[in-house]
Each structure stands twice: as structure tokens, then as C-alpha cells.
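Here, each number is a calculation from the coordinates, and none is a lab measurement. What you see is a predicted model, and the numbers here were worked out from it, not measured in a lab. Here the Cβ positions follow ideal geometry from the backbone for every residue, glycine too, while neighbour counts run over all protein chains shown.
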């Protein structure tokens with residue numbers, strides 16, 4: 001007599017194989033998102049260094065404007081003498097950027113954040129942002145996949161450190 005259907009062993013093996021496949025796919029997707037966040041964080045770190053060097057050695061009007069487009073792309077606009085020198089997409093919809101002002105995290109949007117440095121001291125200058133007097137950005141966080149990259153900003157010295 002032939003029985004129709006699957007045995008318990010066959011069902012367990014099938015469910016285990018499906019579970020392993022789902023795990024591997026989610027791991028791959030997470031790795032892809034994490035790599036985009038890593039690239040974005042490293043690009044921001046490099047742009048901060050470039051902006052500081054240029055701000056301290058050139059005329060006024062050197063600054064970096066980080067913004068997020070309506071489509072979710074993270075864009076870095078680099079200015080010298082108040083004129084746009086370069087505009088690069090440094091992150092896509094797979095990562096998010098947040099900045100911390102006076103202890104409050106804000107997601108990067110179309111308004112963005114302006115970052116410059118004082119020519120004489122090298123300290124950060126956030127005056128273009130129109131924040132309340134004395135407000136400073138203490139960090140930039142890039143999140144993507146299962147990874148988080150944190151840029152710590154030291155306002156008084158212009159130092160920045162990437163961790164993650």
C-alpha cells in the first residue's frame with residue numbers, strides 16, 4: 001500500500017534547508033547595505049579633512065554641505081570661495097545619516113548640514129546652519145545594514161574620529 005504525502009523527516013529537512021537559504025540571503029543583503037554605509041562614512045571623514053585643510057590655507061568661503069535628496073541619496077557639496085567645486089553622491093538609499101546637535105539626533109534631510117572650520121584655530125564652524133547661538137554638532141552617524149559608523153567631532157579643535 002502506497003501512502004501519499006511527506007514523512008516527518010522530509011518536512012524537517014525541507015524546512016531546515018529553507019531556513020538556511022533565508023539566513024544566507026539576509027546576511028548577503030546586510031553585507032551589501034553595510035558596505036555602502038562604510039563607504040559613506042569614510043567619504044565624509046575624508047571630506048572633513050579636505051575641508052579643514054582648505055579652510056585653513058585658503059580664503060574664506062570653504063565649507064562642506066551634506067544633504068539628502070528626495071530620492072534618499074546622500075550628497076556632499078564642497079565649496080571654495082562660496083562657489084561649488086564638487087558635488088558627489090556618497091551614499092544611497094541603503095544607508096542613513098544622522099547628526100547630533102546639542103545632544104539631539106537629526107536625520108539628514110534636504111536642508112542638510114553645513115560644516116566649515118575657522119581659519120585661525122581650525123575649530124569647527126557651524127554658523128551657516130542658522131542654529132541657536134552656541135549650538136554645535138558633536139557627531140555624525142552613518143547606519144546601513146547591521147553596521148553603524150560614528151564620526152565624533154570635537155568642536156573646539158576641529159578634530160574628528162571615525163569609529164565603527
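Summary of values
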| read-out | value |
| --- | --- |
| Within the chain, percent of DSSP bridges classed antiparallel, to nearest 5 | 100 |
| With Cα atoms, 0 to 90° folded angle of helix 8-57 axis to the chain main axis | 10 |
| Highest-fluctuation residue, 154, 62, 25 considered, GNM on the chain with Cα pairs under 10 Å | 25 |
| Highest-first arrangement of 46-53, 79-86, 156-163, where packing means the average Cβ count within 10 Å | 46-53, 156-163, 79-86 |
| Stokes-Einstein D (µm²/s) once Rh is taken as the Kirkwood radius of segment 84-130 over alpha-carbon pairs, at 37 °C in 0.692 mPa s | 255 |
| Segment 8-163 - Rg (one decimal) and Dmax (whole number), Cα, Å | 19.7, 76 |
| Label-point gap, in nm, between residue 148 and residue 59 - each point 7 angstrom along Cα→Cβ | 4.3 |
